Amino acid sequence: MTESGMQRMGARVFAALLASDSGKLSAAEIAERLQISPAAVSGAVRYLAQVNLITREREPGSRRDQYRLYNEVWYEAVSKRDHVLERWQRTMQDGAKVLGPDTPAGARAIRTAEFYEFMQAELVDMLARWRARFHVGEQRNNSAP
């Protein structure tokens, strides 16, 4: 995970959640399992929540937060990337206008925008095939596997 760009501590916490039977752990449980500080847990779970890999919840009647994986963690993470791709596409289109479409830099920006547009279309189709294959829509209550 770190080789693909994930923060080191985020990768460790994510792996701990994946390896837990329930798919959820408290901050104290994460710190104990990984032998890390509460501050390290805090930073890692904040990062993982920001990139849509985990969610924070509180058990009814409890004051302790639990961090848990989405039921379809990879589906959730990838499906939320659509907004990022759309923003990058617009940025490249705007950049191409500023640079001029006839310049080499402008042509690269246009080609990059086209690539993001292509990725968005393929992503929509790919996620639809995944939903159909594994009946994801029927179980998307965001509970752990």
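The values are calculated or read from the model by the stated rules, or taken from the named source; none is laboratory data. Here the structure is a predicted model, which is why all the values come from computation and not from measurement. Neighbour counts are summed over all protein chains in view; Cβ atoms, including those assigned to glycine, are modelled from backbone coordinates with ideal geometry. For accessibility, only protein heavy atoms count, side chains too; no ligands or nucleic acids. Shrake-Rupley method; radii C 1.70, N 1.55, O 1.52, S 1.80 Å.
If you check every pair at least six apart or on different chains, which have Cβ atoms under 7 Å apart with a residue in the range 12-39 that is hydroxyl-bearing (S, T, Y) first and a residue that is surrounded by 17 or more Cβ atoms within 10 Å (Cβ to Cβ) second?
Every condition considered, the pairs that remain are S26/Q66; S37/A31.
Sort through E32, E3 and tell me the only one that's more than 30 Å from A121 (Cα to Cα) and open to solvent by 80 Å² or more (accessible area, probe 1.4 Å).
Values: E3 fails: more than 30 Å from A121 (Cα to Cα).
The unique qualifying residue is E32.
Looking only at the range 85-123, count how many residues are aliphatic (A, V, I, L, M), within 19 Å of the chain's Cα centre (by Cα) and exposed (fewer than 12 other Cβ atoms within 10 Å of the Cβ).
1
Kindly evaluate A16 against the criterion of being at pLDDT 95 or above, crowded, with 16+ Cβ neighbours inside 10 Å and closer than 30 Å to H135 by Cβ. Reasoning before the result, please.
Numbers: at pLDDT 95 or above: yes; crowded, with 16+ Cβ neighbours inside 10 Å: yes; closer than 30 Å to H135 by Cβ: yes.
Taking the combined requirement at face value, the residue satisfies it.
What are the residue pairs meeting all of these: first residue in the range 106-128, first residue without any contact (Cβ under 8 Å) to a residue 12 or more places away in the chain, second residue outside any helix (DSSP H, G or I) and open to solvent by less than 80 Å² (accessible area, probe 1.4 Å), Cβ atoms under 6 Å, and 6 or more apart or on different chains?
G106/G100
Residue check, P60 against (1) over 28 Å from L25 (Cα atoms); (2) in a loop (DSSP other than H, G, I, E, B), all met but one. Which one?
Only one criterion in (1) over 28 Å from L25 (Cα atoms); (2) in a loop (DSSP other than H, G, I, E, B) is unmet by P60, namely (1).
Evaluate the following for V45: is it of a type in the set (A, V, I, L, M), out of contact with any strand residue (DSSP E or B) (no Cβ under 8 Å at 6 or more places or on another chain) and touching a residue at least 24 places away in the same chain (Cβ under 8 Å)?
On the way: of a type in the set (A, V, I, L, M): yes; out of contact with any strand residue (DSSP E or B) (no Cβ under 8 Å at 6 or more places or on another chain): no; touching a residue at least 24 places away in the same chain (Cβ under 8 Å): yes.
Answer is no for this residue.
Please go through (1) modelled with pLDDT of 85 or more; (2) touching a Phe, Trp or Tyr at 6+ places or on another chain (Cβ under 6 Å); (3) farther than 22 Å from R8 by Cβ; (4) open to solvent by less than 40 Å² (accessible area, probe 1.4 Å) for V45 and return the number of the only condition it doesn't satisfy.
(3)
Could you check how many residues of the range 19-28 are surrounded by fewer than 17 Cβ atoms within 10 Å (Cβ to Cβ) and either within 14 Å of L53 (Cα to Cα) or among the acidic types (D, E) (or both)?
Here the count works out to 1.
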